[in-house]
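Read the figures in this text as sums done on the coordinates, not as results from a lab. Keep in mind that this is a model prediction, so the values were computed, not measured. Cβ atoms come from the backbone with ideal geometry, glycine included; neighbour counts cover every protein chain shown.
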Amino acid sequence: MSQDLRENAFMERIERGEKIESTDWMPEEYRKLLIKQIHMHGISEVMGAYPEKEWVPKAPNLRRKLALIAKVQDEIGHGQLLLRVAEDLARPYGKVRDDMIEDVYTGRVKFHNVFHMDAPTWADAGVIGFLVDGGAIITQASLLESSYAPYARILTRICAEESFHMQHGESIVLALADGTEQQREMLQQAIHHWWPSMMFFFGPPEMSGASLRMMDYKIRTRTNEQLRQRFIGRYAPRIHALGLTLPDSNVYYDVEKDLWTYSEPDWEMFSHMVRENSGPQSQQRLQLRRQAHEGQQWVREAMIRANNLQQPAIS
Amino acid sequence: MAVNQGSQQKQPHYDVYEVFIQRDFLGYHTHIGSVVAASPELAQLVARENFLRRDAAISIWVVHQTDIHETSYEDTDFFINRATDKSYRDVSGYVDNAKKWKAFKERAITIEDLVHDAKR
Ligand SMILES: [Fe+2]
Ligand SMILES: [Fe+2]
């Protein structure tokens, strides 16, 4: 079959809503878009564990500490599941786990803007679970219908675990909202701190060429703006119900347009942060990531040697 | 698991293959049983005849039984991490959230609500 015919047949499969498996033929563009998306997603899960991990030693009680550890474990686990999906796709390019991990501190793969931010108080640890996980769930839920079956399958599992993250974050937020004036003030500041990052999180209303191609291929099926609208629609009323404010007085529901209005975040500032890893905590967290990966290289090598020394299994 | 791979046996000897079936595109391959067959291709065929005479499926994996590395049923310590209370890790450990949202005159939402939003 000629290349064009193959690509046409592939697009017809996509149009019919068929799902693609890793072993199916696929256009190189489809494969590359998937690798970029899933690699970035997986690495963001790993980097996403860092802001919360910083609060594990300082959690206010044992139950909170256990829950936070559990969440950090989950996020690293999500990273591993997603990288596995990306690796199968990247096999024709000879990429393995080490490359996937190294790419983050050599700057070849980016991670979500929210994980470049600092988390100065315990309220930030709660608001991350509340707003960042909320936003991540909205994005991931929209990918459950992805045309790439291995991605959709693994996201089903990931979303199931995210439901605990959501409750955990809300539990901290509710405790603070129900607390002393000082606790409410801390929570209020954290909401103001994270809101602009969350507006950027879903991406610009005018989507990039690559994002639009992902829509064509049904790798994703919702626009940036649709996802942001869902987020504001769920979270702005909840924040107001807690008696707290948003840092943006333009957030209101426009009944006529059936849309939430909001002020644009500083697109250039956040893009620069993601592109150059220049956020408040980017370099420090990348440094830790590098230390963890390089510092434990001898362990990974020793495990291979140990396995080679073992007798071949007796069948 | 005594699997004799010898080819000089008098009677034909077939190897055991464990069978995994995927029923729809968003489903996982699930173990369903095993077959004996002379080759992986034939194992797929026998699996289809044994397990899919009525049910539909979209994919079958057959795996040489000796390629399966199983945990021991006796080694219960391996699964010991379920022994302690893990409610802090489950949605069930956070039932208070709903009450508190109510006190703030707001309805609690669940992940299903967000999934539903995304599909809207
Ligand atoms: Fe996650
Ligand atoms: Fe999460």
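Okay, here's what the table says:
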| item | result |
| --- | --- |
| Per-residue average of Cβ from other chains inside 10 Å of A:137-147 | 4 |
| Partner chain coverage, peptide A:224-236 - average Cβ within 10 angstrom | 1 |
| Where only alpha carbons of the stretch A:1-87 are counted, the Rg and the Dmax (Å) | 19.4, 64 |
| D_trans [Stokes-Einstein, Kirkwood Rh over alpha-carbon pairs] for the stretch A:228-267, 10 °C, 1.306 mPa s, µm² s⁻¹ | 148 |
| From the C-alpha gyration tensor of chain B, square roots of 5λ in Å | 47, 23, 8 |
| Helix-only mean residue ellipticity at 222 nm for chain B, each DSSP H run of n ≥ 4 adding -39500 (n - 2.57), per residue, nearest 500 | -7000 deg cm²/dmol |
| Cα gyration tensor shape of the stretch A:154-268, rounded if a/c is under 1.5, else prolate or oblate by comparing a/b with b/c | oblate |
| Assigned charges on the beta-carbon of Lys, Arg, Asp, Glu; the stretch A:53-199 dipole about Cα centre (debye) | 300 |
| Per-peptide average of other Cβ atoms within 10 Å, ordering A:7-20, A:222-235 highest first | A:222-235, A:7-20 |
| Span from the the stretch A:140-198 Cα centroid across to the the stretch A:275-302 one, whole angstrom | 25 |
| Kirkwood Rh in Å, taken over the stretch B:73-120 so that all alpha-carbon pairs contribute | 13.8 |
| Simple Cβ-charge dipole of the stretch A:68-124, Lys/Arg +1 and Asp/Glu -1, about Cα centre, in debye nearest 20 | 180 |
| Cα-Cα over 18 Å, subset of A:Lys257/B:Lys105; A:Lys71/B:Lys105; A:Lys65/B:Lys86; A:Lys218/A:Lys257 | A:Lys257/B:Lys105; A:Lys71/B:Lys105; A:Lys218/A:Lys257 |
| Averaged over A:123-133, number of beta-carbon atoms from partner chains that fall within 10 Å | 0 |
| Simple Cβ-charge dipole of chain A, Lys/Arg +1 and Asp/Glu -1, about Cα centre, in debye nearest 20 | 880 |
| Cubic angstrom per residue, convex hull over Cα atoms of chain A | 174 |
| Debye intensity ratio in log₁₀ form over the Cα atoms of the stretch B:15-67, taken at each q of 0.12, 0.13, 0.18 Å⁻¹ | -0.22, -0.26, -0.49 |
